[in-house]
Amino acid sequence: MRKISTANAPEAIGPYSQAYVAGNFLFTSGQGGFDPIDGSIVGGGIEAQAEQTMKNLGEIFKEVGTDFTKVVKTTCFLADMSDFATFNTVYANYFTEKPARSCIAVKTLPLGILCEVEAVVYLGE
């Protein structure tokens, strides 16, 4: 196993890592709409936070030499299911291969963010 860390995505806000490679798979921790430079929550509502979430995931993928096309599974968390359609619009721009996915609404997300996405990526040939 190999721990993955990049300064181009927000640091973990708790006792966990941005991601781990295990065998031929990358497992990311949940990423949200945090600015990677100062850790602040990006303004602009669900669309802006979803966009930043995807950018943060993309930076972790780059760190191991992969991209969104190799994602096999995502788990998405929304603070409000009424944001589902807007979130999906942003999500579809990045996950063009349509990986398996679960999307659930939760009572609250860390520090009040509106969405969070974790991913499993296949790194094999």
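The values are calculated or read from the model by the stated rules, or taken from the named source; none is laboratory data. No experiment lies behind these values; they were computed from the predicted model shown. All Cβ positions, even for glycine, are placed from backbone atoms using ideal geometry, and neighbour counts span all protein chains on display. Just the protein is used for accessible areas: all its heavy atoms, side chains included, with ligands, DNA and RNA removed. Shrake-Rupley method; radii C 1.70, N 1.55, O 1.52, S 1.80 Å.
Structure data summary
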{"quantity": "Segment 3-68: GluC sites (Glu not before Pro) in DSSP loop, at most 13 other beta carbons within 10 Å", "calculated": "11"}
{"quantity": "Candidate values (i) 39, 38, 25; (ii) 64, 47, 21; (iii) 38, 30, 21, label of the one derived for Cα extents along the principal axes in Å", "calculated": "(iii)"}
{"quantity": "Pairwise Lys count, segment 1-123 - Cα closer than 25 Å, eight or more residues apart or different chains", "calculated": "14"}
{"quantity": "Residue-normalised accessible area of the chain, given per residue in Å² at a 1.4 Å probe", "calculated": "53 Å²"}
{"quantity": "Sites residue 67 and residue 111, calculated FRET efficiency, Cβ-Cβ separation with R0 22 Å, nearest 0.05", "calculated": "0.20"}
{"quantity": "Relative contact order (%) - criterion: Cα under 8 Å, at least six apart; region: the chain", "calculated": "31 percent"}
{"quantity": "Value of [θ]222 nm, deg cm²/dmol, for the chain, DSSP H segments ≥ 4, -39500 (n - 2.57) each, nearest 500", "calculated": "-8000 deg cm²/dmol"}
{"quantity": "Accessible surface of the chain, 1.4 Å probe, proportion on carbon and sulfur as whole %", "calculated": "52 percent"}
